Amino acid sequence: MRRGWKMALSGGLRCCRRMLAWVPVLVIVLVVLWSYYAYVFELCVVTVANTVEKVIYLTVYHALFVFFIWTYWKSIFTLPHQPHQKFFMSYGDKERYENEERPEVQKQMLLDIAKKLPVYTRTGNGAVRFCDRCHLIKPDRCHHCSVCAMCVLKMDHHCPWVNNCIGFSNYKFFLQFLAYSVLYCLYIAATVFQYFIKYWVGDLPNTRSKFHVLFLLFVACMFFVSLMILFGYHCWLLSRNKTTLEAFSAPIFLSGPDKNGFNLGFIKNFQQVFGENKRLWLLPIGSSPGDGHSFPMRSMNESQNPLLANEERWEDNEEEGRGHFMKEMLRRMPTAPPLIPYFSS
């Protein structure tokens, strides 16, 4: 009986926690709905007198509003991607791992399992990254989210304003949401400013619209500053091909920690999130390359990158062939000009 009460209480607390998690999203939605009413009706319909100006304001505003809402929706409702089933421990391996009390043996067990997986990052002590809650070998850049209670591929952070974990599946949408939010606030502030001044100095009558216009400029500027800081920070992360977690704690590879381990250069870093199809860069449509389980790295040794090893071996063979060719040509020449010793040395 007591156990049943505890389970019911625990379930009730989880339900309340889920409902409270939507409060920040509800706040944003209410602010956006009010901004829509204040801009469209109180500013454009009531305050703006020029018809052409009204049409231009409303056209540009609704274009930004659609992309703003679209990217916000995608950021909220795009589920985080979890690791593939092959990264999860089998029942037998899990049982052996949990029954083993020696840490060094557990470490070796994880190493043996990880040999079959594309995993190149390690913990601080050189062990394979393992999640003891999900019972899986963590893919590179994967982390466990305590709020979502699961491991998320290329996890960046858990954002309360979208009530979702930002990772491989929706990082592009999150960046677009920040960008269109900044443009949305900037456009409102730029177009409202002249009417704010007119209301302030008394050139327009003191009506109900005055409060909405004055407060609309204040809210737009406040959100613009905060969003611009956040957007600028994520642009910096994008240019370095880092996640928020990697910016605070550098990933550790087989060769050791490397804060720029995934940095491929600005263009390739950008393409790692937005893809190579330029037509999809501005649209909240999934275009990130790969499956989120493995990522290209800045430097890999030959054992990790056979293609690189073959390429270097081919270059060595090519240089060796050129040397043999030059020596054979010089040997067959009847006379040697004065500069030949310089070239042949």
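The values are calculated or read from the model by the stated rules, or taken from the named source; none is laboratory data. This structure is a prediction, so every number in the text was calculated from the model and none was measured. Reconstructed Cβ throughout: ideal geometry from the backbone, glycine too, with neighbour counts over all protein chains shown. For the accessible areas, the whole protein counts, side chains as well, though only heavy atoms, and no ligand, DNA or RNA atoms are used. Shrake-Rupley method; radii C 1.70, N 1.55, O 1.52, S 1.80 Å.
Points worth noting:
- Under Karplus coefficients 6.51, -1.76 and 1.60, residue-wise ³J(HN,Hα) of the range 186-191 in Hz, glycine/proline x: 5, 5, 4, 4, 5, 7
- Taking amide hydrogens as placed 1.01 Å from N in the peptide plane, the amide H of Arg122 sits under 5 Å from those of Ile252, Phe253, each at least 5 positions away in sequence or on another chain.
- Listed residue pairs exceeding 32 Å between alpha carbons, taken from Lys86/Lys172; Lys115/Lys242; Lys74/Lys115: Lys74/Lys115
- Split the accessible area of the range 1-150 by element, probe 1.4 Å, and carbon with sulfur accounts for 64%.
- Relative packing of 100-109, 173-182, which averages over residues the other C-beta atoms within 10 Å, highest first: 173-182, 100-109
- Label point at Leu283 placed 7 Å out along Cα→Cβ; residues across the range 163-183 whose backbone nitrogen lies under 15 Å: 173
- Equivalent ellipsoid semi-axes - Cα gyration tensor, the range 96-189, angstrom: 38, 13, 9
- Placing pseudo-labels 7 Å out from each Cα toward the beta carbon at Glu100 and Ser294 gives an inter-label distance of 2.4 nm.
- Our estimate of slack between Met228 and Lys268, defined as 0.36 nm per intervening residue step minus the Cα-Cα distance, is 12.0 nm.
- Relative to the Cα centre, the charge distribution of the range 85-138, modelled as +1 at Lys and Arg Cβ and -1 at Asp and Glu Cβ, gives a dipole magnitude of about 340 debye.
- Whole-percent pair-distance distribution, where bins are 10 Å wide, for the alpha carbons of the range 1-157: 8, 23, 20, 19, 14, 9, 6, 2
- If the segment from Val46 to Ala21 were pulled out straight at 0.36 nm per residue, it would be longer than the present Cα-Cα gap by 5.3 nm.
- Per-residue extension of 0.36 nm, minus the Cα-Cα distance of Lys116 and Tyr36, leaves a gain of 23.4 nm for this segment.
- For the listed peptides 17-25, 111-119, 285-293, a ranking on the average number of other beta carbons within 10 Å per residue, highest first, reads 285-293, 111-119, 17-25.
- Backbone geometry of the range 267-282 corresponds, through the Karplus equation with coefficients 6.51, -1.76 and 1.60 at θ = phi - 60°, to 3J(HN,Hα) couplings of 5, 5, 4, 5, 5, 5, 9, 9, x, 9, 7, 5, 5, 9, 5, 8 Hz, x marking Gly and Pro.
- Partners for Lys54 among lysines (Cα-Cα distance below 20 Å; same-chain residues under 8 apart left out): Lys198, Lys210
- Three principal axis extents of the range 85-138 based on alpha-carbon atoms, in descending order, are 26, 25, 19 Å.
- Spatially, the range 192-239 and the range 120-159 are offset by 40 Å when compared through their Cα centroids.
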